[in-house]
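Q: Encoded as structure tokens, here's the structure I'll be asking about.
The values are calculated or read from the model by the stated rules, or taken from the named source; none is laboratory data. What you are looking at is a predicted structure, and each value in this text was computed from that prediction instead of being measured. Note that each Cβ is placed from the backbone with ideal geometry, even for glycine, and that neighbours are counted across all protein chains shown.
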Amino acid sequence: MILVAELINDTAMLQEQEPAPSSVPPESPDAERSSAKPESLWKDMWYSLTQNKPAMVSLFFILLLVVIAIVTAVVPQVLPYDPYQQDLSQSFQAPSAAHWFGTDQQGRDIFSRVLVGTQISLTVGLLSMSISLVVGVALGAIAGYKGGVVDTVIMRVMDMMLAIPSILLAIAFMAALGQGIDKAIVAIGLVSIPEYARIVRSQILSVKQSDYVAAARVIGDTDAVIIFRHVLPNVLPSIIVRATLGISGAILDAAALGFLGLGVQPPAAEWGDMLGRGRNYIFQAPYAMIFPGLAITVTVLAFNLLGDGIRDALDPKARKR
């Protein structure tokens, strides 16, 4: 009996030492993935953008234009010819191995001038877009957040500017400011302000009654802090899309002003000015206007396709997963 009792006690002690089976089932791989840190908006946007082939091709083309603009500005010796050197004996040379795009009426190499024109077009596009972006976002944010009389005054001024075609308004500003690349940048920047203002105002009207905005007011944040720290970051995707498309519009407006002789003045190599001067020789030397026109078309198309790709990437319903 004593041996039986000791055996029973040993068995009980072994059962106490063994860990009790867990009633919680092991975590499945799906649960592990769901508990992982979610992707950020920008990483998700970039992934979606990389799946959009037209947008990625446009992005690489734009980066190539930026490289060309920087290299031709810093190291102009890489150009096959001096884009400003005139040689009337070489006027209207057809495209060949010596002159890939031919020569213009003054014997200047069109290929070199198209490459140098990248500097002016990108400069005008980026700087004029920056003016429109800063002023338009500020006015739209103030109008949407303040409301009342402030909103009415600002938006009626924007409506009056929108009632006039942008190119006509730009011509009016150029007539008042004068000719030159700096005047063109200011004029094109001013005519695009209403578009940014209206976009930002509409976005802010939809978020200013949110709980986080009310919480910011409760803790004592000023209106400026609420607008620029809490409200504008939530409308940033719409601003980015419009800014990308705005660069293409600015390049097109700059080319239109140059075509009319109101923008960048000779001897500067600007695509619109080259196109305007080449139109006088459309039958004699069509290449004098074909290649600058193609440069404008392809560049504007690239920015538009990139803007469309960014818009789709920032839209959760349009993302390709």
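Q: Please go through the stretch 91-112 and give me each residue that is under 22 Å from Leu301 (Cβ atoms) and either surrounded by fewer than 20 Cβ atoms within 10 Å (Cβ to Cβ) or not β-branched (Val, Ile, Thr) (or both), ordered by number.
A: Those that are under 22 Å from Leu301 (Cβ atoms) and either surrounded by fewer than 20 Cβ atoms within 10 Å (Cβ to Cβ) or not β-branched (Val, Ile, Thr) (or both): Trp100, Phe101, Phe111.
Q: Would you mind finding the one in Leu115, Leu177 that is surrounded by 14 or more Cβ atoms within 10 Å (Cβ to Cβ), under 30 Å from Val66 (Cβ atoms) and at pLDDT 90 or above? Spell out the reasoning first.
A: Numbers: Leu177 fails: at pLDDT 90 or above.
Exactly one residue qualifies, and that residue is Leu115.
Q: Looking only at the stretch 247-257, count how many residues are farther than 11 Å from Ile120 by Cα and in contact with a Gly (Cβ under 8 Å, 6 or more places away or on another chain). Walk me through it before giving the result.
A: First pass over the stretch 247-257, keeping only residues farther than 11 Å from Ile120 by Cα: 247-250, 252-253, 256-257.
Going one step further and asking which of them are in contact with a Gly (Cβ under 8 Å, 6 or more places away or on another chain), we end up with 247-248, 250, 256-257.
Residues meeting the conditions: 5.
Q: Next question, about the same structure. Within the stretch 260-270, is there a residue that is touching a helix residue (DSSP H, G or I) at 6+ places or on another chain (Cβ under 6 Å), assigned to a helix (DSSP H, G or I) and either at pLDDT below 85 or over 14 Å from Ser58 (Cα atoms) (or both)? Reasoning before the result, please.
A: The initial filter retains those residues of the stretch 260-270 that are touching a helix residue (DSSP H, G or I) at 6+ places or on another chain (Cβ under 6 Å), namely 262-264, 269-270.
Now restrict to residues that are assigned to a helix (DSSP H, G or I): none.
No; the residues of the stretch 260-270 include none that is touching a helix residue (DSSP H, G or I) at 6+ places or on another chain (Cβ under 6 Å), assigned to a helix (DSSP H, G or I) and either at pLDDT below 85 or over 14 Å from Ser58 (Cα atoms) (or both).
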